[in-house]
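What follows is a set of notes on a single structure, which appears directly below.
Where a number appears in this text, it was derived from the coordinates with a stated rule and is not lab data. In this text the structure is predicted, and so the values were computed from the model without any measurement. Every residue, glycine as well, gets a Cβ built from its backbone with ideal geometry; the counts of neighbours run over all protein chains shown.
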Amino acid sequence: MKKFVFIILLFFLLGLSEPHYEAASSSLDFHINDLEWQKVDELLPRKSTFTVIDVETGKEFEVQRRAGNRHADVQPLSKEDTKIMKEIYGGHWSWKRRAVLVKWDDSLIAASMHGMPHGAGALQNGFPGHFCIHFSGSTTHKTGNPDPSHHIMILKAAGKLDQYIETRDAQALLDVFLVSVKNSDKGITKKLVISNLEEFDEQFHKTNQIESMKWEIETTEATKDDTDLSRTYRVKMKFYLKEIGPVKEELSFRLIRSSTLSPWKVEWQPLLLFLDQSMTDTGGD
């Protein structure tokens, strides 16, 4: 019963623009904390256990932190927790990032996880390795830099993504759009593109064939109109498509806005046309 009540409160919480809810009949404070990694590192030491809640589905599972000095390397606590985590990823392990909330003590911490077992694992949980959870200020072990995809998902978990989007310049907004497609985040993509709402679901479905992608925005190739309400960028892209494999392509994306005070929107037809053509060339539907 307590778990059911918590999930109901969580969905109410996620609908607020400034996420904060205090339960009248409980000591729990459901404020979402956007804590820096240095603080989280102290609150959740190695061998500590905590709950991870997927923002999109509301599903939750238990994990144990095993290692990590720039972010948390964690493992599902049990085989049942592994099962729930795999359900969150549609039954397939994936490097794609998802916005999550970490339940610690009486509060929730904004975070981002990926869903791919890698490296070593020590628990008898049916999970072949560990996975990573990033918080604000976390970096990758290899580069020492924040991961852009994790950064966007942390903002989403913290309820700060809309404000972030509204203040981005055209190139940064294009980057957020590409992050949303890479991570199959339908909600974020919908906020950023110019699309007929009746057609959006069908259009977004085309991106499911993207297993992974990398890109480089050619800033020197950006063009803008005289009113600065339209900009076009050339983007060098590398895809791994499920039915094809690795593909390289250069695409042009036009971004427009209704006034100099309005947020940018992306015309994503070049990507959709490329995906259509790729499926046609392989005889796909």
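For the stretch 168-242, the relative contact order works out to 28 percent when only alpha carbon pairs closer than 8 Å and six or more residues apart are counted.
Among residues other than ASP147 with Cβ under 11 Å from its Cβ, the summed charge is +3 (Lys and Arg +1, Asp and Glu -1). Computed over the Cα atoms of the stretch 168-281, pair by distinct pair, the Kirkwood hydrodynamic radius stands at 14.5 angstrom. Per residue, the average separation of C-alpha pairs within less than 8 Å and at least 6 apart gives the chain a relative contact order of 12 percent.
Shape class of the chain from the Cα gyration tensor (axes a ≥ b ≥ c, square roots of the eigenvalues): prolate, since a/c reaches 1.5 or more and a/b is larger than b/c.
Residue pairs exceeding 31 angstrom between C-alpha atoms, taken from LYS86/LYS214; LYS39/LYS265; LYS186/LYS224: LYS39/LYS265. What pairs from LYS142/LYS206; LYS83/LYS142; LYS206/LYS248; LYS59/LYS103; LYS206/LYS238 go past 21 Å between their alpha carbons? With Cα atoms farther than 21 Å apart: LYS142/LYS206; LYS83/LYS142. Normalised by the residues of the stretch 31-71, what does the relative contact order come to in percent, with Cα pairs under 8 Å and at least six apart? This gives 38 percent for the stretch 31-71. Per-residue Cβ neighbour counts within 10 Å put MET153, MET237 in the sequence MET237, MET153, beginning with the fewest.
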